[in-house]
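Novice: Next up is a structure, given as structure tokens.
The values are calculated or read from the model by the stated rules, or taken from the named source; none is laboratory data. Since the model is a prediction, treat every value here as computed from it, not as a measurement. Please note: Cβ atoms are built from the backbone with ideal geometry, for glycine as well, and neighbour counts cover all protein chains shown.
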Amino acid sequence: MRTIVRLLAVVIVILVVAWLGLWWYAQGRLQDAMIGWTQQVSKNPGTSVTYDSITRGSSPLQAIVTMTNLKMTVQAPNQATPVVITAPTAALEIDAANPLVVHVDLPGQINLSTARGDAAITFGAANVTQHLDPQALFNPQASPLRASNAEFSDVSLLASGGSLLILHIDHFAGNGMVNPNAGAGETALSVTSTIDGIAISPLLTRLASIPFDGKIAHLAYALTASGPWPTTPATPQTAADPNRRHQVIVDAHNWAAAGGSGHIILNLTVGPSTLNASGGLKFDANEQPTGTADITANHLDAFATAVAAAYPGTADDINLIQAHLSQYLTTTDAGGQTLTMHAAFGNGTVSINGTTVAPLPPVNWATLMNPPPQAPGDGSGATQ
């Protein structure tokens, strides 16, 4: 009996030591992740991230790392005053009951300072999680984060030091997934977001005569991309950097050559009208883009009438748009004035609702990746 008790005691001690070691390792990885994030963001031109302190938790049932007085400064080109974003605390947390989920703990208010004044973003509730890839957990060189979810409710954007409501959102939900090892036909990126109850403040709505009470009832989109997508260099580069542009084109060509494809869906409800749009893109054997796009929108007559009533100066523009789209418009009792468009592109043509409307020039990847040198002067490439 004593032998059994001793054996159990040894097993318990080993388990406790192993658990404490794993807990200590988890907190170390969380701390490295937070510090690494601040360092990575600070590599971007004009951007810096600082904090006062970083501490680890003490409960063996919860790995948690907390930063205090987190501050991000973004200095835009040609702007004398930077944008400063501050949060009193920010934390990463893993609970023992769910060890593959990292919780991002945000404060109830995040402050912003801009050249035009101070502002704040407040949340009634915030739930942000990151999902870990077990295969990357013990590889310090790899990011173990593969999927994320975010849900916010009662979100407000406040100006004048938090005293003036600018924008309110009832609910936001989004999730994303990335698979850096995706092959042809496999999903490499997936992003979805849904926003309900977007409303500009009543004061601004009245001052600007915004129709539909300044509200967008619903906005949702989903984006997926399949196939291998090369990782661009980690060297900080601006969007205008020629090396950056060249790398983006090279990546796009490699993605096309490897059978990359993408799809996007959009849904929007404003006032009486609902817009549904979707589009798909893929590449043929010659690495040329092909795809489709669909758009439907209902009650456009009521929508246009409300906009013209709020902004009379837009009436001529609205009439011109309706004239251009007349062949795609129908009227029904249920949907009012309805827009229906199905576009297809590829094989050298662009068509809408089965009718060819324009040619589609081929993509010359070699020229895009190796453009001719630009001649001095007007930038047209012509010699002087």
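Novice: Is at least one residue of region 98-107 surrounded by 15 or more Cβ atoms within 10 Å (Cβ to Cβ), modelled with pLDDT under 85, in contact with a Ser or Thr (Cβ under 8 Å, 6 or more places away or on another chain) and assigned to a loop (DSSP other than H, G, I, E, B)?
Specialist: The answer is no, given that none of the residues of region 98-107 is surrounded by 15 or more Cβ atoms within 10 Å (Cβ to Cβ), modelled with pLDDT under 85, in contact with a Ser or Thr (Cβ under 8 Å, 6 or more places away or on another chain) and assigned to a loop (DSSP other than H, G, I, E, B).
Novice: If you don't mind, there's one more thing I want to ask. Of the residues that make up region 307-329, is at least one within 30 Å of T192 (Cα to Cα) and of a type in the set (G, A, S)?
Specialist: Scanning region 307-329, I find no residue that is within 30 Å of T192 (Cα to Cα) and of a type in the set (G, A, S), so the answer is no.
Novice: Can you pull out every residue in region 133-148 that is at pLDDT 75 or above and crowded, with 17+ Cβ neighbours inside 10 Å?
Specialist: R146, S148
Novice: I've got another one for you. Write out, first by first residue and then by second, each pair whose Cβ atoms fall under 8 Å of each other, whose residues are 6+ apart or on separate chains, and whose first residue, in region 170-195, is at positive phi while the second is at pLDDT below 95 and of a type in the set (S, T, N, Q).
Specialist: G185/S226
Novice: Any residue in region 17-34 that's closer than 11 Å to P60 by Cα: show its pairings with residues that are of a type in the set (K, R) and at pLDDT 75 or above at Cβ separation under 8 Å, as long as the two are six or more apart or on different chains.
Specialist: Q27/R56
Novice: Checking the conditions here, which among N127, N69 is at positive phi, surrounded by fewer than 16 Cβ atoms within 10 Å (Cβ to Cβ) and not in a loop (DSSP other than H, G, I, E, B)?
Specialist: Going through N127, N69 in turn, the sole match is N69.
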